[in-house]
Structure formats: structure tokens, C-alpha cells
Amino acid sequence: MRRWSVPGLPFCVSLALSAATVGKGVGWQDSGFFLVGVHEMSLLHPPGFVLYLLLCKAWTWLLFFVDFTLAVHLFSSVCAAGAAATLAVTARDAFKTSDRAAVLAGCLTAAGYTFWASAIYAKGYALYFLVVALLLHRLARADESGKPRDFTIAAALAGIAWAAHPSAALLAPALLLFAWNHRAAIGWKGLGWRAALAAGCALGPSLLIPVFAQDDLFGRVRTFGDFVRYLRGGRFTDLPGAFGFAPTRWTSAGLFTWEEFLGVGLAMAILGALTLDRRRALWIAAWSAPVALVAVLFKIEGQLDFWLVPAWMPFQLLVAPGLLRAERFRRGAMPVLGAAAMLWAVAANGRDLVQRGNDLPEQFGRLHLQVNPGAILVLDSDDALATCLYLQKVKGERIDVAVVNAARVDVASALVPWSRSGRFLYFESLPSSVRLPAGTTTQPAGAIEELLRKGPEHLNPFYWDTPLRAADVRPRFRRNRGQHVTFSRDGIEVEPEPYEQRLFGVLLRAQEHLGSAYLVARTPEGHRRAAETLEAVLATEPSMERSLKTVYPLAQAYLGMGRIDRAETLFRKTLTLSPSPRVEANAADFLAQICDRTGRAAEALRWRSQATARRMDLDRR
């Protein structure tokens, strides 16, 4: 093979995979923040990702003739392709494998699910992977050559890796071990100034943070303390319970590893690991173990899969010597195993990664922006904030709506001036602890809530006029690559979920709201329509029988329709779902009424006593 083919073929394969799956829309999680950040040159969430902003902005200027969103995605595509190419060269040079083995290792890396996903996703991970791949290559070269120039370049790349993503700090044990192994060539003086060089490369781009921090979306950086807290990601790392043991994180890490390598790749990586001497095996452990361990323990981080990629990289290199060893066992095994691995990876991963035509994240944003003109919309989830801002700033949709990050304002203090402004006011979720201004109430408005003056309540069909229903989203679920986070008194609980579950949940919540809204009329027709709506929720998602907002209004609807047996069952179910004291009192009162109507006077008395006790508790508060 020609020497250029070792980097060239994996680079082209990675680009081809990206071209086949990349889309022109926003992605899930906080992809919208990165698109808006590049478009507006505004600060991203901690630690700012200034290096990504600068490089990606320059890239979009070069590709001015391409759709902006697609251009940002393509920046990730080129970075990922460069990372795959670099890893192929490193596998050849570090392990003295054949060109064919190195090419196959690079191509298999490109076809891994997470690596492939990073290549079509508007975030900084692909850039980070490219820098880490370059760092691995330079470390391998320095290990062989011992030249001061190679050690210097490696130090600079180590700093740039942190500027690309702060998790690069987890590579420190391996870098320190590498420096110790080469202490004679580096010297203490050389180690000192190269450490300073690494720190300068890491922090240099971040000096522009105050320049980009011009709004309050993620907080202004006014003091040196603000700057330091921003750099270290205090918004996330200081959160109580952010680190800890969660069984689902460990099982997810195992599943993600399997999906990245699949059977052939994993077998070849293990076979390649058998060729390692003690020194290299120890160094790979020092590289991969801290990255993987901290990634799993940092349970508030929702994109565990991307955090694990640097931990996998040494094993992706080992695929090359593994293939070469298989070839020595049986002549002709390498092309057969390589072809089988590539076909398996493309067949297993490709369908779930196609983004062309995937409009679900944008639909998620539009559901939240379906409000009256000139409204104030207060959002608290990253998905809602990111997609809404993307639609406004990049697509130019609903720019009349003022989108507010709930984490950046004191909602309780702002409610009164907001309500007096005369503007429509909506909340993704209004905290139950917040006192509403006098003379106001909340009313469902699709999946969100509207604050309005008290008066005759009426149902506005506008809020539920959407092109999607929850049942339409269910067949479009993909892999469990997202994470559902629940904050409770016991700490933070996390469960894996498909990203599409978030849109599915919003649509179900809108249907719950609609069912409750039908009850307001207190008419036979309203009870019937409420029952139909809430029954449809349960038919679409049976687990919603554990949702208080489905079970309780459905019980009321059945009671209004005269379906006493069904209503009693659901009121009893309501009392097992940790209802608020007010809902508990009402449910107990309804059960007392049912018992009266069915001739169970003693039981009715017990329920009425429970209702009275809960109302007394409320009065005392």
C-alpha cells in the first residue's frame, strides 16, 4: 500500500460515513447551544469551549456557501475523520504493524457508534478526539525518538486537549508516568517549562471568556473568582451528588463499549493487548482507567458515551496488532475479519445514526415556542433552552418571544413585574414553592403552563394544535444514549433513556394537561372528553398509571361520568402516588362520597376524617 493510504483511507471512510448520515437540523441535549454560540459568538456553558468557538467560526466563514447548521456539523465530520486517520498512523508507527492492519483499525474506529455520532454532531467532542489522537501520536513518536522537539509538541497538545474539553485533565496520570519514564531525556528543567507551555496552551483561549460573556444565559464573568469557577465547571462539579455510584452508569459503560467495538473489534483489541510488554500495559492502564472511572462516577454528566472515547483510543490502536496476529495464525484472516467487522458496524450503527429528516429535536423546540406573540417564556431544561434558542437565533423563528433561562433569574422576585408588564407569561415548570402574584393563577398551555389573571377559565385549542402525537414518536425511538436525571431528597438518581423520550414525555404531558383542562367545564361532555384523552395517554404509555397527573384527573372524569367502580380504584391509586396534601384531601373526600353513595357509611367516615386532617395541615401552613 502507498504510505498516504494509511491516513487517507480511514479519513475518507469516516467522511463517507458522515456524509451518509449527517443532517441539517439541531441535535439533542445541548447541541443547540453550540450552534447558537458559533452563530452569535457568545459564551457557551462552563468552561466556555472558546477554542471550539474560534475554530468552528472560522470554518463556517470558509464554508459560507453551505447551510450554517450543516457547516457546523461538517466541522465535526472533518475533525473526526482527522482523528481516525491519526489513530491509524499511530497504530502503524507505535506497534510496527502492516499498513493494512493500521488502515483497518482506523476504519473500525470511524465506524464505532459513539465516534461516528461525534462526527455528525454540533459539539466540541470531535475536535477533542482529534487533539487527543494527535497527542497519542506525538507521545508514541517521542517515546521512540527521544527528541526534545517531540516532547515539546506533546506538551503543547496536552494543553490544547484541555482547551478542547476539560475532561482531558484525567489524562494527567498517564502524562506524568510518561514524563517519569523519560525523565533522563526531559530533565527537571525541561519538565518545568514544558508544563508551563501546556498550561499556557490550556488557558490561553479561555482568556477570551470575559469577551464572549456578554449576556446572562450562562452567567456573566465579572471577577477573577467568577473566571476560576467558570473554568473548573463549578456549575456542575459543585452540585451536591454530582459524583457517586449509580449502577446504571456502569451497565451503560459496558454497553457503550460493546457498541463501539462489537464482536470482531473487541476480539482484535484483546488479541492485540496480549502483545503488550509490561511498560506499555501499565501506561495504557494509567491512560484509560482514570478517564473511564471518573466518567462513570460523574453521574450528572449526561453524555457518558462521549467521555469514554479517549479511554477507548489505546484499545482502538491495539486492533491493528490484533489483526496482524490473527493473520499470522491463519493467512488471509485479516481482510476477512476487517470486512466482517466493517459490515457489522455499518449495519448495526448506521440506521440509528441517520440524521437526515430527523426533525424531532426541532419539533421539541417548536412545542415550547407555541405561545402567544410577544410572550415571556421561562425554561429550565437544556433541551428546551438549546432548541428554542437555536430556532430563534439560527432559524429566525419566533423571535418575538423572550426566552429566559430559569437558572439565571430569581423567578419568585421576577413574577410580579413580569405579571404587571402585560405580556403573556409561560413556564416550562413553575416551582411549587413559588407564590403566585395576587389575582393570578396558572393554566395548562399545551406542555407548558401559562400565568394569567383569575377569571372564567376556558380551553384554548391553539396550544394543542401540534403536528405530532406521542404515539407518532414512539416508533422513532433510538438507542438509550440520553440520561434522565431526577433530583430528590436522597440525592441524584439517573436512568438511561433515548433522547426521543424527552419529546415523547412532553407530548404526554400536553395530553395530561388537556385532560385536566376538559374537567374545568364540569359538564358531562367535558368529563367524557377528559376520560378519552387520559385513556389515550395510558394506552400510549402504560407506565403513566404511576403518574399522578394522569390517574387523579382520570378518576375525577370517571366519577363525573358515573363510573363509580373505576373512579374508586383510581382514587385509591392516587393516594399511593405521594400526592400533595391538597390532592390527598380531595381524593379522600371523593372516596367518602363514593362510599356514601354505595352504602358504606363507616368507611366514608374514615375517608372524611383523613380529608379533614389534611385540610387542617394545610391551614396550619
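With the checklist (1) touching a residue at least 40 places away in the same chain (Cβ under 8 Å); (2) surrounded by fewer than 19 Cβ atoms within 10 Å (Cβ to Cβ); (3) part of a helix (DSSP H, G or I) in hand, flag the one item Gly374 doesn't pass.
(3)
Scan region 451-486 for residues that are within 20 Å of the chain's Cα centre (by Cα) and in contact (Cβ under 8 Å) with a residue 60 or more places away in the chain and jot them down. First the steps, then the outcome.
Here is the first cut: in region 451-486, the residues within 20 Å of the chain's Cα centre (by Cα) are 473-474, 476-486.
Across region 451-486, the qualifying residues are Val473, Arg474, Arg476, Arg478, Arg479, Asn480, Arg481, Gly482, Gln483, Val485.
So Val404 clears everything in (1) open to solvent by less than 20 Å² (accessible area, probe 1.4 Å); (2) free of Cβ contacts under 8 Å to residues at least 40 places away in the same chain; (3) among the aliphatic types (A, V, I, L, M); (4) closer than 30 Å to Gln355 by Cα except one condition, right? Which one?
Against the list (1) open to solvent by less than 20 Å² (accessible area, probe 1.4 Å); (2) free of Cβ contacts under 8 Å to residues at least 40 places away in the same chain; (3) among the aliphatic types (A, V, I, L, M); (4) closer than 30 Å to Gln355 by Cα, Val404 comes up short only on (1).
Are there helices (runs of 4 or more DSSP H) fully within region 254-353 with at least 2 residues that are more than 23 Å from the chain's Cα centre (by Cα) and either charged (D, E, K, R) or at positive phi (or both)? List them.
Details: elements: 278-297, 304-329, 333-353.
In region 254-353, 278-297, 304-329 are the helices (runs of 4 or more DSSP H) which contain 2 or more residues that are more than 23 Å from the chain's Cα centre (by Cα) and either charged (D, E, K, R) or at positive phi (or both).
Please work out if Gly106 is at pLDDT below 95, surrounded by 24 or more Cβ atoms within 10 Å (Cβ to Cβ) and within 28 Å of Leu262 (Cα to Cα). Before the answer, list the steps.
Working: at pLDDT below 95: no; surrounded by 24 or more Cβ atoms within 10 Å (Cβ to Cβ): yes; within 28 Å of Leu262 (Cα to Cα): yes.
Answer is no for this residue.
Check off (1) among the acidic types (Asp, Glu); (2) in contact (Cβ under 8 Å) with a residue 60 or more places away in the chain; (3) not in a helix (DSSP H, G or I) for Glu397 and give me the number that stays unchecked.
(2)
Evaluate the following for Leu389: is it at pLDDT 90 or above and open to solvent by less than 20 Å² (accessible area, probe 1.4 Å)?
Numbers: at pLDDT 90 or above: yes; open to solvent by less than 20 Å² (accessible area, probe 1.4 Å): yes.
So Leu389 passes the test.
What helices (runs of 4 or more DSSP H), lying completely within region 42-136, carry at least 1 residues that are over 26 Å from Ala340 (Cβ atoms)? It would help to see each step written out before you state the result.
Numbers: elements: 50-62, 68-95, 99-111, 113-118.
Answer list for region 42-136: 50-62, 68-95.
Would you call Val520 crowded, with 20+ Cβ neighbours inside 10 Å and either of a type in the set (A, V, I, L, M) or at pLDDT below 85 (or both)? Lay out the reasoning, then the answer.
Details: crowded, with 20+ Cβ neighbours inside 10 Å: no; either of a type in the set (A, V, I, L, M) or at pLDDT below 85 (or both): yes.
It is false that Val520 is crowded, with 20+ Cβ neighbours inside 10 Å and either of a type in the set (A, V, I, L, M) or at pLDDT below 85 (or both).
If Ala94 passes every condition in (1) without any contact (Cβ under 8 Å) to a residue 40 or more places away in the chain; (2) in contact with a Leu (Cβ under 7 Å, 6 or more places away or on another chain); (3) open to solvent by 10 Å² or more (accessible area, probe 1.4 Å) but one, which one does it miss?
(1)
Filter region 185-206 for residues that are touching a residue at least 24 places away in the same chain (Cβ under 8 Å) and of a type in the set (A, V, I, L, M); which is most open to solvent (accessible area, probe 1.4 Å)?
Leu203
The values are calculated or read from the model by the stated rules, or taken from the named source; none is laboratory data. All values reported here derive from a predicted model rather than from experimental measurement. Heads up, the Cβs are rebuilt from the backbone with ideal geometry, glycines too, and the neighbour counts pull from every protein chain shown. The protein model used for the area step is the full one, side chains on, heavy atoms only, and it has no ligands, DNA or RNA in it. Shrake-Rupley method; radii C 1.70, N 1.55, O 1.52, S 1.80 Å.
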